[in-house]
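To keep things clear, I will list the structure first and then write my remarks on it.
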Amino acid sequence: MIPNLRMLIADDHEIVRQGLRALVESHPGWQVCGEAADGWDAVHKARELKPDVIALDIGMPNLNGLEAAREILRENPRTKILFLTIYDTEQAVKSAVQIGAKGLILKSDAARELLVAVEAILRNSTYFSSQTSQAILRPDLRGHRRSGEKDTLTRREKQVIQLLAEGKSTKEVASMLNLSVKTAETHRSNIMGKLGLHSVSELVLYAVRNSIVQPFGSTPTLDDNSPVEIPDGPDSSS
């Protein structure tokens, strides 16, 4: 038994956070030191609270759990992260392993697996739910990273993709990432060029297929067939 634990719970649904909190605090000596409602909130709370373990939902708005984990681990590589997801997909497991998470469980399994997973992680082991464990034994997850367009994107470009796919305008993207509008447009231009995309609908589809956003997330306010305007080039003043 692990006597003491401070956990940060990050999920955009309050009822899920409440349920996870109840599970964690049912264990003697364990406490939830904070909650976060989106990816950026999780990054800030992790920096402020320095929890022992972070239970991180993959499908969050503004910055998804995968990108939030990258930010958190970049600042503190020793952070122990347990992903939660509603989808049992090879891509989710593959991404979790590559990022450096200690485990991944399905939300539907949390009632019976959360405490077991956290205890394993605190013993410096890893834990993947029974429904996902077979996927991590496949050769391409044992250090053989599959090449592809996604790997050529920068961290900032992945953040821009998520916000655009969630229906944010270029001005909103610029504001949320503390960029100039011209710089945000340049990032969008670079993304479309790298991926060979030409419309908002194609960008949304790419984001869903690559676990950047969840398919049940918010949808763009633009018409699906609206072309994406590509700026002529970067503004040197940005």
- Message: Take the residues in the range 29-41 that are within 20 Å of Y127 (Cβ to Cβ) and not aromatic (F, W, Y); name whichever of them is least open to solvent (accessible area, probe 1.4 Å).
- Response: V32
- May I ask you to verify whether D12 is open to solvent by 40 Å² or more (accessible area, probe 1.4 Å), in a loop (DSSP other than H, G, I, E, B) and touching a residue at least 12 places away in the same chain (Cβ under 8 Å)? yes
- Item | Unmet requirement for R146, which otherwise passes all of (1) in contact with a helix residue (DSSP H, G or I) (Cβ under 8 Å, 6 or more places away or on another chain); (2) surrounded by 18 or more Cβ atoms within 10 Å (Cβ to Cβ); (3) modelled with pLDDT under 80 | (2)
- Which is under 13 Å from the mean Cα position of the chain (by Cα) and modelled with pLDDT under 90, of I72, I54, I2, I99? I99
- Task: Tell me which residues, restricted to the range 96-122, are closer than 16 Å to N64 by Cβ and buried (at least 23 other Cβ atoms within 10 Å of the Cβ).
- Result: A96, A101, L104
- Can you tell me which residues in the range 79-95 are part of a strand (DSSP E or B) and touching a Phe, Trp or Tyr at 6+ places or on another chain (Cβ under 8 Å)? L82
- Item | Evaluation of L82 against (1) within 22 Å of Y127 (Cβ to Cβ); (2) open to solvent by less than 30 Å² (accessible area, probe 1.4 Å); (3) touching a residue at least 60 places away in the same chain (Cβ under 8 Å); (4) within 15 Å of the chain's Cα centre (by Cα) (one fails), failing number | (3)
- Note on the structure: For the range 156-170, pairs from a residue that is aliphatic (A, V, I, L, M) to a residue that is buried (at least 22 other Cβ atoms within 10 Å of the Cβ) and not in a helix (DSSP H, G or I), with Cβ under 6 Å and 6 or more apart or across chains, are I161/I212; A165/V213
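The values are calculated or read from the model by the stated rules, or taken from the named source; none is laboratory data. Since we're looking at a predicted model, the values are computed, not measured. FYI the Cβ positions are ideal-geometry reconstructions off the backbone, even for glycines, and counts take in every protein chain you see. Note: accessible area is taken over every heavy atom of the protein model, side chains too, but ligands, DNA and RNA are not part of it. Shrake-Rupley method; radii C 1.70, N 1.55, O 1.52, S 1.80 Å.
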